[in-house]
Structures are given as structure tokens and as C-alpha cells.
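Okay, so here's the structure we're looking at.
The values are calculated or read from the model by the stated rules, or taken from the named source; none is laboratory data. Note that the structure is a prediction, hence the values are computed from the model and not measured. When we count neighbours, we look across all protein chains shown, and the Cβ atoms used for this are built from the backbone with ideal geometry, even at glycine.
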Amino acid sequence: MSDYLLSVLLGIVEGLTEFLPVSSTAHLRISEALFHIDLANGYWKMYTIVIQLGAILCLPVYFRDRIAKFLSTFPKGERGDRAILTHPLSLVCVAFVVTALPAFLLTKIIGKHLESLYIMGSSLLIGGIVMWIVDAVNAKWEEAGSAAIGSRIHTWQMENMILSQAIWIGACQILSAVFPGTSRSMSTIAAGQIAGMSRASALEFSFFLSIPTMVVATGYDLLKSLRGKGENAIGVTHIDPHGWVVLAIGFVVAFIVAYGAVAWFLAWVRKHGFAPFAVYRIVVGAAVLAWATGILH
């Protein structure tokens, strides 16, 4: 298989899975193993970072109108009922800080887990079960709507979030950093639902939180790689024209596919919920564990 076609396929995998609650990290690692990509090769490690950045950069473009409105109404909010610490942009920053510091301190542990199929399979499986249960508990209240009396859902829009919800979601996101396969999207969505948020508001906050989280994480890794620092890093001067084209293809494909996935996912969740993704996680997680233990060899 040519590197160009391989780059297109990996870009599609990244674009489809980055924002769905199925773990893009696990799917990329599985795909790279199936295509026999040498993960010890510094170039392919950097390639993974580049296509992740391509996918994440679709969010500022997709939500450009919402972001502009948030910026123009800071700090009081559109309805004038927000404060500096409770404005949606502030809550995103709070959740990011809660996640970032512990994740940075646990960098070495995270690095060791990234290549473990056992951890990825277990995280996919357990995360799928948790997501299924949480979504099922909230399902009847989602159907009843905001007018339902006694509903456990009390936050139907991201603009109505409170500080404690942001802190809780940020803390839960740490799990996705430490255990690849958990999925950043899954952990933040499930955490939001547990904290009384609707599917749509939890999903939207997950998207906004992923912007600073993933831009900083991937940007930091990419900078280290391009400067030739760290294990198996590769400097800019070591990339030939062919390598730059392969990177560009993966970046563009990931961006385009991710943009479409975000639009589709928002529409789907409002009507159908997360159960199909939970089932998918359980099936894939079980398959990965079987593969890792040699059952599928």
C-alpha cells in the first residue's frame, strides 16, 4: 500500500473517531498495528500528532459563530446572568486546568499505557458499559423534556452550566489521558450526564473543552517532535518532500472528515442518544482483548 493511500485511510479513521465517544487513540493504534506501521519510527509518531491536530482544528471553524457570541458577551453572558467564573468560556478554562495539571504530572504513566492493547481493550469495554448505563438512566428524562417535574436533568443548555459541573467534568477527563481507550469524549459526556446535563449540552461542552485540551496536548507533542527532542523524535530537517506530502494529506483528510462527523454527531445525539456507541465500544473492546491475548491470532 502506498504511503499516500495509507495517509488517507488513517486521516479518515482519525476524523471519524476523534469526537465520537469511541476513542480515536485506540482506533489509530489498532489501525497502525493492522497496517504494520512501526510505532518506534519518529516520523509516524509525529504523523499521528499532525492528523489529530487537523481533526481538532475543525472545531473552531464549525463553532465560529458560537465562539464569537461567547466572546462578545463575556463575562455577563447573553442573558446577563453570568459572572467571570460562570461564563461558558470560563467554565471551559476551569475544566481544562483541572485536567491539564494532573495529566502533565502523569506524562510518564500515560506514555507507557499508549501502546498497551490490554489497557485499550479494557478501557473501551468498561467505558462502553458505563456510557450505556448512564445514558439509559437519563433516557426517560430526555424524552420527557425540560418541562418534566422531578427530572434529574437540570442543565439543558451549555449556557446554564455551573462551576461544580465544569470541575467534575475536568476531573473525569483525566481518566481518558491516563487510560487510552477511555475516550476523552466519552468521559466528558458521561460525566456531564451524571452531573445532571442533557445529552446535547454535555456533548457541546465536550466539543468546546476539547479545543484547548487537544490543541495544547498535540501542540506540545508536535513541538517536541519537530525540535528533535524526546524518544524517537524527528526534526524538521529530517523530513523529505514525500514525508511532507503524506503529512499534508493526513491533516487535510482528518480536518474534512472530522468536520462532517461533528455535524452528524450533534444531530444524531439529540434524537437517538449514545447507546449504539456504547454497544460498539463493548464489541470492539472485547475484540481487542481477544486479539491481545492471542485468541484471534
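Brief remarks follow.
- Restricting 14, 32 to those that are in a helix (DSSP H, G or I), in contact with a Leu (Cβ under 7 Å, 6 or more places away or on another chain), in contact (Cβ under 8 Å) with a residue 40 or more places away in the chain and not hydrophobic (A, V, I, L, M, F, W, C) reduces the list to 14.
- Some residue of segment 253-269 being surrounded by fewer than 20 Cβ atoms within 10 Å (Cβ to Cβ), more than 16 Å from the chain's Cα centre (by Cα) and either over 22 Å from residue 10 (Cβ atoms) or modelled with pLDDT under 90 (or both): yes
- Screening segment 72-114 for residues that are exposed (fewer than 12 other Cβ atoms within 10 Å of the Cβ) and over 21 Å from residue 213 (Cα atoms) and picking the one that is modelled with the highest pLDDT gives 72.
- Out of 19, 70, 74, one residue alone is within 23 Å of residue 262 (Cβ to Cβ) and part of a loop (DSSP other than H, G, I, E, B). It is 19.
- Residue match in segment 41-60 (condition: without any contact (Cβ under 8 Å) to a residue 12 or more places away in the chain, in a helix (DSSP H, G or I) and out of contact with any Cys (no Cβ under 8 Å at 6 or more places or on another chain)): no
- Residue 185 vs. criteria of a type outside the set (Lys, Arg) and over 13 Å from the mean Cα position of the chain (by Cα): no
- Test: residue in segment 194-203 that is part of a helix (DSSP H, G or I), small (Gly, Ala, Ser), in contact with a Leu (Cβ under 7 Å, 6 or more places away or on another chain) and modelled with pLDDT under 95: no
- Restricting segment 6-19 to residues that are in contact with a Phe, Trp or Tyr (Cβ under 8 Å, 6 or more places away or on another chain) and surrounded by 24 or more Cβ atoms within 10 Å (Cβ to Cβ), the residue that is farthest from residue 125 (Cα to Cα): 11
- Criterion (over 20 Å from residue 93 (Cβ atoms), small (Gly, Ala, Ser) and modelled with pLDDT of 90 or more) met by exactly one of 33, 26, 55, 68: 55
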